[in-house]
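Right, one structure below, let's go through it.
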Amino acid sequence: MLAPQGVLSVSDLTKAVKEILEMGFPSVTVEGEISGLRSTAGKHLYFSLKDESSVLKVVWFSWASRAGQAPSEGQQVRITGRIAVYEAQGVYQLVVTTLEPVGLGDLLARLERLKQTLEAEGLFDAARKRPLPPFPPVIGLVTSPTGAAVQDMLRILLQAGVRALIRVFPVTVQGTEAAPQMTAMLGYVGARRLADVVVLARGGGSVEDLLAFSDERLVRAVAASPVPVISAVGHEIDFPLTDFAADLRAPTPTAAAELLARPWTEVESALVQVRADLESSISGRLDRAKATLGEYRSDRLQETFERILQPYYQRYDFAREGLRQAWADRMNDLRRRVELAKTSLEALSPVAVLERGFALVSDAEGRPVSRSAALSAGDNLTLRFHDGRTRVQVEEVLPEKL
C-alpha cells in the first residue's frame, strides 16, 4: 500500500499506518523480558516486552483459555503473534498468539556470550584486582536487609570481635529492580567512600533468582568500584558474573564474613599464645628462684626470697592486670557493637516505621498506593498500621505537595 498523499486527518493517517503494519507483520516471533505486567479482570494481559535498548507493548487476549499459568514479571519469553495498531491511542502493539518461556539453555548461552565480551574487554583480568585491607575500619554490606545472608554475616563478624564499623546498605537482590538498585548503591558507596571494603551478597537460589548478579550494568559497576568488592552470591557452585569482576570471590556470604574476620581471630589467637608463653616463663623463673633459695641459711631465707622474687611478682601482677583490662575493654566494645547492630537492624524494620505513626496504603487489589494522583473518589483502600488494618473509602482526592 502506498502512503496517502495530501492533508490527512489523524484518523486517516492512523488507519493507513495500521493497514501497512498489520499487512506487513501478520506473524512475527519476538523474544524479550516481561515488564509492567497487569491484567483486566483475569481475562486479558497487558505488558511490555523489552531488551537492552527497546520496549514493545504486548496484549494477550483471553490468555487463560490458552495457557495454564500466567507469565511473571521479569520472565524471559518468546512470543509469536501479529502486529496490530490501537487506533484510539495511535500505538502499535504485539497481539499474542503463543507465549513460551525461554529455556535455561538459552539463558546460559546469553550469559556466556556476555561473559566472553566482558572478559575480552579486560574486566576480569587478575592484574586489575586489588588486595583487601587486612583491618578495614568500615565494612559495607550491600545486600537485602531482611535476608538470612545479612544475619549470618553480622553474627560471624561480631562473634569474631571484628573492631570495625559495619554498615548495611539495603537493596533488592532479586527481580527486575535488583540490578539497578545494586548498581546505584555501589556507585553511591564508592563515590562517597562510605566503606573500605564492600561485600555484595545474597543467599542461594536458582539461575533465574541470581540473574541480577550477571546484569551487565552491575558487573561493570563492580569492576569500576573505587572500593574493593567481595562478591559473595549463592552457594559454592554458583558463579554469577560479578564473581569474575570483583576483587575477590567468596563462595557464600558466610565465607565472606569469615574471610574478613580471619585477621582479627588470628590476632586474638596470638594474644592468647603470648599470655600462655608469659605465664610459662614466669612459672619457670619462679621454680628456678625457689631452687636457688634452698642454698641459703634459714635465718636469711625469707629476706632473700622476697628480694629475688619481688620484681617477678610485680611483672606478673602488671601482666595479669593488663590482660584483665584488655579483656574487659574487648567485652565492653563487643557489647557496644551488638547494641549498635541491634539498633541499626531495628531501625530498618518496616514495623518500626509503622509504630512511628505511619501507615501502609494499598488498593483493593492489594497493590501499594504511593501517589494521590492514583486515587479517585469511591476507591476502596486498606490502611495497615503496626497493630492491625482498617478498610476505608476515598471521599475526595486533594492533591498537594509536602
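The values are calculated or read from the model by the stated rules, or taken from the named source; none is laboratory data. Predicted model only: the values in this text are computed from it and were never measured. Positions of Cβ are backbone-derived with ideal geometry, glycine not excepted, and every protein chain shown enters the neighbour counts.
Results, tabulated for the structure shown:
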| quantity | calculated |
| --- | --- |
| Scope the stretch 196-229; condition more than 23 Å from Glu52 (Cα to Cα) and surrounded by 24 or more Cβ atoms within 10 Å (Cβ to Cβ); matching residues | Val198, Val199, Leu200, Ala201, Arg202, Val229 |
| Residue that is farthest from the chain's Cα centre (by Cα) [pool: residues in the stretch 160-178 that are at pLDDT 90 or above and not in a loop (DSSP other than H, G, I, E, B)] | Leu165 |
| Qualifying residue in the stretch 145-156 (condition: outside any loop (DSSP other than H, G, I, E, B) and among the acidic types (Asp, Glu)) | yes |
| Residue that is surrounded by the fewest Cβ atoms within 10 Å (Cβ to Cβ) [pool: residues in the stretch 248-266 that are more than 17 Å from the chain's Cα centre (by Cα) and not hydroxyl-bearing (Ser, Thr, Tyr)] | Glu266 |
| Hits in the stretch 344-389 (condition: touching a helix residue (DSSP H, G or I) at 6+ places or on another chain (Cβ under 8 Å) and of a type in the set (Lys, Arg)) | Arg384 |
| Subset of the stretch 192-219 that is assigned to a loop (DSSP other than H, G, I, E, B) and small (Gly, Ala, Ser) - its residue that is modelled with the highest pLDDT | Ala195 |
| Among residues of the stretch 122-144, those that are surrounded by 11 or more Cβ atoms within 10 Å (Cβ to Cβ) and out of contact with any helix residue (DSSP H, G or I) (no Cβ under 7 Å at 6 or more places or on another chain), counted | 9 |
| The stretch 377-401 - residue that is loosely packed, with under 11 Cβ neighbours inside 10 Å and under 31 Å from the mean Cα position of the chain (by Cα) and, of those, nearest to Glu355 (Cα to Cα) | Asp387 |
| Residue count for the stretch 115-144, restricted to those that are of a type in the set (A, V, I, L, M, F, W, C), outside any loop (DSSP other than H, G, I, E, B) and either closer than 13 Å to Asp247 by Cβ or in contact with a Ser or Thr (Cβ under 7 Å, 6 or more places away or on another chain) (or both) | 2 |
| Residue tally, condition of a type in the set (S, T, N, Q), in a loop (DSSP other than H, G, I, E, B) and modelled with pLDDT of 80 or more, over the stretch 61-113 | 2 |
| Considering residues of the stretch 230-247 that are surrounded by fewer than 21 Cβ atoms within 10 Å (Cβ to Cβ) and among the charged types (D, E, K, R) only, the residue farthest from Leu123 (Cα to Cα) | Glu236 |
| Output for the stretch 352-381, where each listed residue is farther than 24 Å from Thr146 by Cα and not acidic (Asp, Glu) | Ala364, Arg371, Ser372, Ala373, Ala374, Leu375, Ser376, Ala377, Gly378, Asn380, Leu381 |
| Matching residues in the stretch 28-47 - criterion: being hydrophobic (A, V, I, L, M, F, W, C), touching a residue at least 40 places away in the same chain (Cβ under 8 Å) and either touching a Cys at 6+ places or on another chain (Cβ under 7 Å) or loosely packed, with under 14 Cβ neighbours inside 10 Å (or both) | Val28 |
